[in-house]
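> Once you've had a glance at the structure underneath, I'll fire off some questions.
The values are calculated or read from the model by the stated rules, or taken from the named source; none is laboratory data. It should be emphasised that the depicted structure is a prediction, and the values quoted were computed from it without experimental measurement. No Cβ is skipped: glycine too gets one built from the backbone with ideal geometry, and neighbour counts run over all protein chains shown. For the accessible areas, the whole protein counts, side chains as well, though only heavy atoms, and no ligand, DNA or RNA atoms are used. Shrake-Rupley method; radii C 1.70, N 1.55, O 1.52, S 1.80 Å.
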Amino acid sequence: MLLLSLFLACADVQPGEGEPIVEIQEVEKCATLVDHQICDFDAIDEYGEPAFLSDLYGSPIVLDLSAMWCGPCQAAGRAMQETADAYPEITFLTVLIEDGVGDAPEVNDIEGWKSSMGITSCPVWGASREIVSGNVIDIEENLYLTAWPTFYFIDSQGKLQHYMKGYSEEALVELATSLE
């Protein structure tokens, strides 16, 4: 009887007034699939603090997954600030997955990347290989990655709209500017 009274009080219904109204909301499972909510992941920012992709929702996001040793990743990194300056309504985020020897980047690696690439206002984070997978079966848990760099184009609601392997400035701008 105590449990029933507690439930009725929480449902804001008094005994004898009828049945409580229960809302059932369907929760969409995140996945690395177009038109799906992209899964959040653990990363660190340039200060070593926890950083989450969901903190950036509200504006379109171009997510660049890069490795510090990768030549095309470095080319994308060198162009990142200029591209971001040209499209200030879009957040251009680089997540470094590997440092120069294949380990997860640390704060000094993130700082070094920003400095050497001329990045002043774009966020650069570090994460480990635990957030990526080359196996399509893992797309509900990880970001799909089979090439460096890999870009994800995410709308302001956090839904994946486009995916691009490799780097092309022209293709990156075209896909980025199509985001809402």
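> Roll a 1.4 Å probe over the protein chains and send me the accessible area per residue for region 114-180 in Å².
Heavy-atom accessible area per residue stands at 49 Å².
> Which listed residue (A75, C122, N108) has the Cα farthest towards the positive end of the charge dipole for region 63-149, taking +1 on Lys and Arg C-beta and -1 on Asp and Glu C-beta about the Cα centre?
The residue sitting most towards the positive pole is A75.
> Which ³J(HN,Hα) values, rounded to whole Hz and listed in residue order, are derived for region 93-108 from phi using the Karplus coefficients 6.51, -1.76 and 1.60 in 6.51 cos²θ - 1.76 cosθ + 1.60 with θ = phi - 60°, glycine and proline given as x?
10, 9, 10, 7, 9, 9, 7, x, 10, x, 8, 5, x, 10, 3, 5
> While we're here: Given H placed 1.01 Å from N in the peptide plane, which residues other than close sequence neighbours of V132 have an amide H under 5 Å from its amide H?
Correct list: L143.
> OK, next. Assuming R0 = 30 Å, what is the FRET efficiency of E170 and Y47, from their Cβ-Cβ distance, to the nearest 0.05?
Once rounded, the FRET efficiency stands at 0.35.
> Can you list the HN-Hα couplings for region 173-180, worked out from phi with the Karplus curve (6.51, -1.76, 1.60; θ = phi - 60°), rounded to whole Hz and with x for Gly and Pro?
Using θ = phi - 60°, the values come out as 5, 4, 6, 4, 6, 8, 6, 10 Hz.
> Show me the GluC sites (Glu not before Pro) within region 52-101 that DSSP assigns to loop and that have at most 12 other Cβ atoms within 10 Å of their Cβ.
Answer by residue number: E89.
> Could you derive backbone 3J(HN,Hα) for region 50-57 from the dihedral phi with the Karplus parameters 6.51, -1.76 and 1.60 (θ = phi - 60°), listing whole Hz in sequence and x where the residue is Gly or Pro?
Ordered by residue, 3J(HN,Hα) equals x, 9, 10, 4, 4, 5, 9, 4 Hz.
> All other residues with a Cβ under 11 Å from the Cβ of S59 taken together, and with Lys, Arg as +1 and Asp, Glu as -1, what is their net charge?
-3
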